[in-house]
1. From the list A:249, A:219, A:198, pick out the single residue that is closer than 26 Å to residue A:25 by Cβ and of a type in the set (D, E, K, R).
2. Does residue B:79 qualify as being modelled with pLDDT under 95, among the small types (Gly, Ala, Ser) and not in a helix (DSSP H, G or I)?
3. Looking only at segment A:291-307, how many residues end up being free of Cβ contacts under 8 Å to residues at least 60 places away in the same chain and either of a type in the set (S, T, N, Q) or in contact with a Leu (Cβ under 8 Å, 6 or more places away or on another chain) (or both)?
4. Take residues that are within 24 Å of the chain's Cα centre (by Cα) and away from chain B (no Cβ under 11 Å) and tell me which of the helices (runs of 4 or more DSSP H) falling wholly in segment C:107-223 contain 1 or more.
5. Please count how many residues of segment A:35-48 are under 23 Å from the mean Cα position of the chain (by Cα) and farther than 18 Å from residue A:156 by Cβ.
6. Which residue, of C:49, C:71, C:54, is of a type outside the set (D, E, K, R), part of a loop (DSSP other than H, G, I, E, B) and in contact with a Leu (Cβ under 8 Å, 6 or more places away or on another chain)?
Amino acid sequence: MKTVKSQFKFKGGVHPDYNKELAREQPIEKIPLPAELVISMSQHLGAPAKCVVKAGDFVRRGQVVGEKNGFISVCVRTSADGKVKAIEKRLGPAGGKADAIILDTTAKPEGEVAEASGPILEPLDWRTASREDLLKRVEEAGICGMGGAGFPTNVKLNPPPGKRCEYLILNGAECEPYLTADYRLMLERAPRIRLGVEIMRKILGGPAVRIAIEANKPEAIKAMETAFADIDGNVEIVVLPVLYPQGSEKHQIFATVGRVVPEPPALPIDVGCVVENVGTVAAIADAVELGEPLLERVTTVSGGAVAQPKNVLAPCGTKYSDLIAFCGGEKEPVAKLISGGTMMGFAVSTPEISTTKTTSGLLLLPNSKAYQYVSQACINCGRCVRACPMNLNAAEIAKAVESDDIKGAEDAHVMTCIECGACSFSCPAYRPITQFCRRAKNSIRARIAAEKAKAAAAAKK
Amino acid sequence: MKPKETAAHYILSSSPHTHSNSSVSRIMLDVLLALLPTTAVGIWFFGLPAVWTIATCVATCIVTEALCRLAMGRDNTIGDLSAVVTGLLLALNLPAGIPLWMAVVGSVFAIGVAKQVFGGIGMNPFNPALAARAFMLISFTGPMTTWLKPLWWKTPDAVTTATPLACMKGMFAADATAHATPHAAAKALEQIPCLWDLLIGNMPGCIGEVSAIALAIGAAYLLVRKVITWHIPVAFIATVVVYSLIAGGAPAYAQVLTGGVMIGACFMATDYVTSPTTAKGKLVFGFGCGLLCMLIRQFGSYPEGCSFAILIMNAVSPLINRWTQPKPFGAK
Amino acid sequence: MTIAIVCIAGVGLVAAIVLAIADKYLSVKEDPRIGMVTAALPGANCGGCGFPGCDGYARALVAGTAPNGACAAGGDACAAEIAKILGVEAAATEKRVALVKCCGTRSEAIRVGDYNGICDCNVAAMTAGGDKGCTYGCLGYGACANVCPKNAISIHDGLARVDKRLCIGCGKCVAICPKKVIELVPASATIHVLCNNPDKGPAVRKVCGVGCMGCHLCEKNSGGKEAGHFTFEGFLAKVNYANPPTDAQIVAKCPAKCMAEDAHFESGN
């Protein structure tokens, strides 16, 4: 085990104000169980889970309430005991609606029911368990990528035949401003992360391990060095330069092992890499060793308008309003409420939305930090082109989309865009370039879907 | 009846939710600050006429911009300071003694025709100040090529028609027949001011183009503030140097330090709107400007070709942009 | 002079011969009916038939791979003319026009945030589900108006409105709307339910002053369930356009004020 500096620097990137000092020194605190949870069936990337309970049912903590529904999907388990009040379509942070279970956690079970005891799943000894058993455990624990995208972890850990994982990369970069959830996790739960790494190494057939941490987190680097000191095999901690978006999968692979993931639809596994967020790794350790599925996660509640910024351990399905109340409420009027970080998070319209497995942060921005922009004409300054970590001509894409030329945007490789926001961040004319890219990607995806449907209909005929 | 709105209204916008705090007006302010030294030197050497020309151009540009936006029914954009920059750049590219009404006509042309007709800031294919200068050079050739001597109030014949460039043009030809008349070449060389005068700007010329040192200070400020990148100025000036070394004629330092090369390379060619966005494109653009500038100086009918060189490259800029598209990360 | 005349005449002769030969041996045989059918079509190139423009549809018609009557813009008259040219049966079509099933203007439906971004419904809907309290209603950022080939859609008071006289029923607006609030309905229908929110009454009332609460009064007033003028989805009344109601009385009697008689829909203003 050794600590090395990153040898590779990707082009572009920006330096936003990190504002991490707000919550950096706050230890992880567990929130008291809220009276009501709203558990969404769509907490991950891919098909939403299929709800298998009905209103009036009494459910036990850890019980499967949503079944995996397709290949790219994971199951949903309830994060607490309680009675299902209703099943409704609820708005998620990204603006989509999905079935959600409204759970009354104060309700008592009817009649005599044995008190739930013991672990939810049978604990496994990872040294003796087979690879298949471990994979199955990751799947039944409902684990998905906790960094933000929520890709089902069991799919990632099971490379298609013919592809081998040579590097397992641990994403501890946490390059999003304000967020400190992963940082606290690395400080406080380093041994769990190490255990998770050993389990994942077994599942993936013994790849080399790279732990990627940004240079502005020396304590986290130290904690990981201590935890991994006596590990055998090819393990390195790679110290990355402070640069947004260092936490992007593709850029992290380049920064740690110097490999370049080709354009979509290529995946990291095509260059022999699997990247997992440190939170996910700790969740895998819990699922295997303790038999505890993914039911809660650490969420950073921060931003200038919250009274006490905190890193909160909260059950998935906790409403934002409960999180805010736990953190002492609002210190000053909130102008913008963001689920996630300021670079890639989602602005939401109401605190009645609830957390999911991927909610890494909740930011309450006061008026002074939440700008309302008036966009001006592009002056062709090229700042977005220089800032783009994917080396796209963002100005060109934005101009094409602005004049409804989706084809032009597609020719300018808009589908390669990772929506990191570096272009909009650096634009002096306050143009919503990232949103233009989203618009183009959205209509291109819709068109591809329509073409597919048409082809399928034609094939049926 | 409309239901009562109880919930707090949050701002809903697409990510990112933070900004680098750069702005168009801040960039333009930086350009103005960078032009301060050369403006000061111009006023020092050319006196009150320079002050009047600068004031007239800036004021006319602002008024024209406001009137055009009003007439087009668009938002007023004088707040972004781009009109002030255009006005100042145009004034710095005029001889100090020019009749003020001509400066007014030029400024109206710069903003009204070269900029707002195309839709305002960001839309113009040609640098407005340069387009106006070319327009004035053709329309008012006499006054546009009549120069005040530096510190003219101290010399008996204040007005001259020849800049060092005019002498240097002859030297290209003199070089060819150097063996026949070595005296002619030596005589021409004598007419070029000494290096120190070239650097501080003690020579006849436009208000803002004479002092290389002042321009270099401004360019350095822009580079430090990351308003411009090094690519265009370096490619431009390097091309001029290499060309003059190959073609002979006046010494390379004189080619760089006289005429519009310094102000053109640092302030005119680097105009965002009319130059390519990528680093590679900027190098090509700078090279093209330098080459055309020297070709016009050697073979053209005007002694100075800097403005025309940049204008021609402005026209090619979209093409260069197209050829030098960046290759996406991970693309083959 | 003579030489010039001879030269010019010679060149002309040679060119004429070449052209005559080329016409004989290189000409592309095209079914003349394609041109005739294209001429019979309205020439709007709206793409509503699913083919690339009117010419594409005409080729498909002549080739026999497309049904006659897929042109919504041309309607019955056009189909009949094509039937005459091609000698095929015209499928009976009814002129259909777009209807925005929402009447929640800015003054009636609440907004829950200050949207700051591109003026386009699809991206606005991706931002926290849109700034309208009612997540089923028209956002009013004009994606449909942008895509309409006939400029039949305009935005008034945060709501898209279709001008029935200009609409050719191509369905582009239906496809682009992220809220699926636009529907193609028979142009002859006069009574419409202008709401798209299937939630319970109180939930609807919380976000909109003119939302359908599913009270079934329209059904009752139009002759009850047996009459079959309305269907219900959740707590939302829907006009059964196969058997549309005609009695204007029910519009006035709607307690939610979410029904309209043609007027609103006619002029687009």
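1. Numbers: A:249 fails: closer than 26 Å to residue A:25 by Cβ; A:198 fails: closer than 26 Å to residue A:25 by Cβ.
That would be A:219, the only listed residue that is closer than 26 Å to residue A:25 by Cβ and of a type in the set (D, E, K, R).
2. Values: modelled with pLDDT under 95: yes; among the small types (Gly, Ala, Ser): yes; not in a helix (DSSP H, G or I): no.
Against the criterion (modelled with pLDDT under 95, among the small types (Gly, Ala, Ser) and not in a helix (DSSP H, G or I)), residue B:79 does not qualify.
3. 1
4. Answer list for segment C:107-223: C:121-126, C:143-147, C:172-176.
5. First, pick out the residues of segment A:35-48 that are under 23 Å from the mean Cα position of the chain (by Cα): A:37-48.
Add one more test, that the residue is farther than 18 Å from residue A:156 by Cβ, and what stays is A:37-42, A:48.
Qualifying residue count for the region: 7.
6. On the way: C:49 fails: in contact with a Leu (Cβ under 8 Å, 6 or more places away or on another chain); C:54 fails: part of a loop (DSSP other than H, G, I, E, B).
Result: C:71 is the single residue among C:49, C:71, C:54 that is of a type outside the set (D, E, K, R), part of a loop (DSSP other than H, G, I, E, B) and in contact with a Leu (Cβ under 8 Å, 6 or more places away or on another chain).
Listed here are the residues, each with its yes/no results for (1) among the charged types (D, E, K, R); (2) assigned to a helix (DSSP H, G or I); (3) surrounded by 14 or more Cβ atoms within 10 Å (Cβ to Cβ); (4) out of contact with any Ser or Thr (no Cβ under 8 Å at 6 or more places or on another chain).
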site	(1), (2), (3), (4)
A:110	yes, no, no, yes
A:120	no, no, yes, yes
A:123	no, no, yes, yes
A:155	no, yes, yes, yes
A:178	no, no, yes, no
A:191	no, yes, yes, yes
A:194	yes, yes, yes, yes
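To keep it simple, each residue is scored yes or no on (1) in a helix (DSSP H, G or I); (2) crowded, with 23+ Cβ neighbours inside 10 Å; (3) in the same structural domain as residue B:296 (by TED's automatic domain parsing).
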| residue | (1), (2), (3) |
| --- | --- |
| B:199 | yes, no, yes |
| B:216 | yes, no, yes |
| B:223 | yes, no, yes |
| B:229 | no, no, yes |
| B:245 | yes, no, yes |
| B:250 | no, yes, yes |
| B:253 | yes, no, yes |
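The values are calculated or read from the model by the stated rules, or taken from the named source; none is laboratory data. Here the structure is a predicted model, which is why all the values come from computation and not from measurement. Heads up, the Cβs are rebuilt from the backbone with ideal geometry, glycines too, and the neighbour counts pull from every protein chain shown.
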